[in-house]
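This report refers to the structure that appears directly beneath it.
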Amino acid sequence: MTDTASAHGTMTALTLRRPDDWHLHLRDGEAMASVVGATAAQFARAIVMPNLKPPVTTVAQALAYRQRILAALPAGSRFEPLMTLYLTDTTDPAAIVDGARDRTVSAVKLYPAGATTNSDAGVTDLRRCTRVFEAMQACGMPLLVHGEVTDPEVDVFDREAVFIDRVLEPLRRDFPALRIVFEHITTREAAQYVAAAGDGIGATITAHHLLYNRNAIFRGGLRPHWYCLPVLKRESHREALVAAAVGGDPRFFLGTDSAPHPARLKEHAAACAGCYTAPHALELYATAFERAGALDRLQGFAADHGADFYRLPRNTGTIVLERHRWTVPDALPFAGDSIVPLAGGETLEWRLRLPTSTA
Ligand code: DOR
Ligand code: ZN
């Protein structure tokens, strides 16, 4: 990683190894075609979430989805989608082993049934997945967990912390060699849990959970574009996430959880959960790292730690972030509709320059 300073000593440009997004929603069809280029402009690879309608549950579906993504890429982009399977009560352990062997499947995603967007087919009882977890342990395939309980009795702001006690800890006790990514962590409890756990557990952190606390959802009125799941938490949790992201521990890495929904379904009586951050993801992360005085830690978090955890080679090309004030667009085209990027209309101080090399 190199940086360039102005005469006054402020950093004006930052060159980083090409980063990856370890948690991304691309959707399908026209919606996918309108967002995939944004991610390909920022990231070399992405772990693509399987919560389509219907979900991606078989290797054949994952391969077909991968082909549709590649076909929708803008000409000249070099981007590798890494595919995941959606864990259900009936997932076939043999498919996991095959997918791991030929690398057609990079991970398996656990959504507790009903936890979030398109999660109705999720797991109802983890005991039904014993053979799948045994197969995953044996071949080293990561289990990606949406870490929230769905019990309606549990306060929505406590669902992640309760998940640790009720689900994650028993799961790790029963399957000690299972490699786990605690996805989009939002609490001090989750950050502490991962920090204290062994090598086999990592966590992704979104840019929005590093930049905002839950006040953002209510500032000047109810603001649905700041609504995602797990929901933004109070400031002390945001601070704990920033400390984890900039602390250099290789088990914390970048996952945008960019989750596109058309504006009309966000600005709605029952607003969909999800923040669309793909077009300006690195700029948002750079903002958070700079505020923490830790721009020198951005490359590890964005480009090194995730690849190492997934046992994939680090990328070799570079990207350049320049200090350049610009305004995030209020809206972008989205499959004949429009979409509002997170922080639309606000100014950012960093801007991505086109890759200097894409080797
Ligand atoms: O906010 C979210 N949106 N959280 C999720 O877990 C899913 C995602 C989506 O697919 O829209
Ligand atoms: Zn997600």
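Within segment 306-340, the set of residues being open to solvent by 50 Å² or more (accessible area, probe 1.4 Å), on the phi > 0 side of the Ramachandran plot and of a type outside the set (D, E, K, R) comprises just one member, G336. I'd like the full set of residues that are more than 11 Å from L241 (Cα to Cα), outside any loop (DSSP other than H, G, I, E, B) and within 16 Å of ligand 1 (Cβ to nearest atom), limited to segment 175-198. Matches in segment 175-198: V181, F182. Taking segment 1-112 as the region of interest, the strands (runs of 3 or more DSSP E) fully inside it that hold 2 or more residues being within 16 Å of ligand 2 (Cβ to nearest atom) and closer than 22 Å to D308 by Cα are 21-24, 45-48, 80-86, 107-110. Within segment 151-189, the set of residues being within 15 Å of ligand 2 (Cβ to nearest atom) and among the polar types (S, T, N, Q) comprises T186 only. Residue count for segment 151-164 satisfying the condition of being closer than 27 Å to E134 by Cα and more than 23 Å from the chain's Cα centre (by Cα): 1.
Contact map, segment 171-200: first residue closer than 24 Å to R238 by Cα, second residue in a loop (DSSP other than H, G, I, E, B) and of a type in the set (F, W, Y), Cβ cut-off under 9 Å, separation 6 or more or different chains; pairs are V181/Y310; T187/F157.
The residues in segment 112-129 that are within 16 Å of D89 (Cα to Cα), within 16 Å of ligand 1 (Cβ to nearest atom) and either open to solvent by 20 Å² or more (accessible area, probe 1.4 Å) or under 20 Å from the mean Cα position of the chain (by Cα) (or both) can be counted, and the count is 9. Of all residues in segment 199-225, which are open to solvent by 10 Å² or more (accessible area, probe 1.4 Å) and part of a loop (DSSP other than H, G, I, E, B)? Of everything in segment 199-225, those that are open to solvent by 10 Å² or more (accessible area, probe 1.4 Å) and part of a loop (DSSP other than H, G, I, E, B) turn out to be D199, G200, Y212, N213, F218, R219, G220, G221, L222, R223. Scanning segment 135-166 for residues that are open to solvent by 30 Å² or more (accessible area, probe 1.4 Å) and within 13 Å of ligand 1 (Cβ to nearest atom) yields a count of 3. The residue list V132, V97 contains one member that is open to solvent by less than 10 Å² (accessible area, probe 1.4 Å) and more than 16 Å from ligand 1 (Cβ to nearest atom), which is V132. The set of residues in segment 289-311 being in contact with a helix residue (DSSP H, G or I) (Cβ under 8 Å, 6 or more places away or on another chain) and under 27 Å from A31 (Cβ atoms) consists of A302 alone. Comparison of T104, T15, T84 shows that the only residue that is at pLDDT 95 or above, among the polar types (S, T, N, Q) and buried (at least 21 other Cβ atoms within 10 Å of the Cβ) is T84. Look through G221, G202, G255, G247 and report the one residue that is modelled with pLDDT of 95 or more and on the phi > 0 side of the Ramachandran plot. The conditions single out G221. Of the residues making up segment 256-265, those that are out of contact with any Asp or Glu (no Cβ under 6 Å at 6 or more places or on another chain) and either within 11 Å of ligand 1 (Cβ to nearest atom) or of a type in the set (S, T, Y) (or both) are D257, S258, A259, P260, H261, L265. Residues in segment 266-283 that are within 16 Å of ligand 2 (Cβ to nearest atom) and assigned to a helix (DSSP H, G or I): K266, A278, A281.
The values are calculated or read from the model by the stated rules, or taken from the named source; none is laboratory data. Everything quoted here is computed from the prediction, not taken from an experiment. Using ideal geometry, Cβ is built from the backbone for each residue, glycine included, and neighbour counts are taken over all protein chains shown. When the accessible area is computed, the model is the full protein with side chains, heavy atoms only, and any ligands, DNA or RNA have been set aside. Shrake-Rupley method; radii C 1.70, N 1.55, O 1.52, S 1.80 Å.
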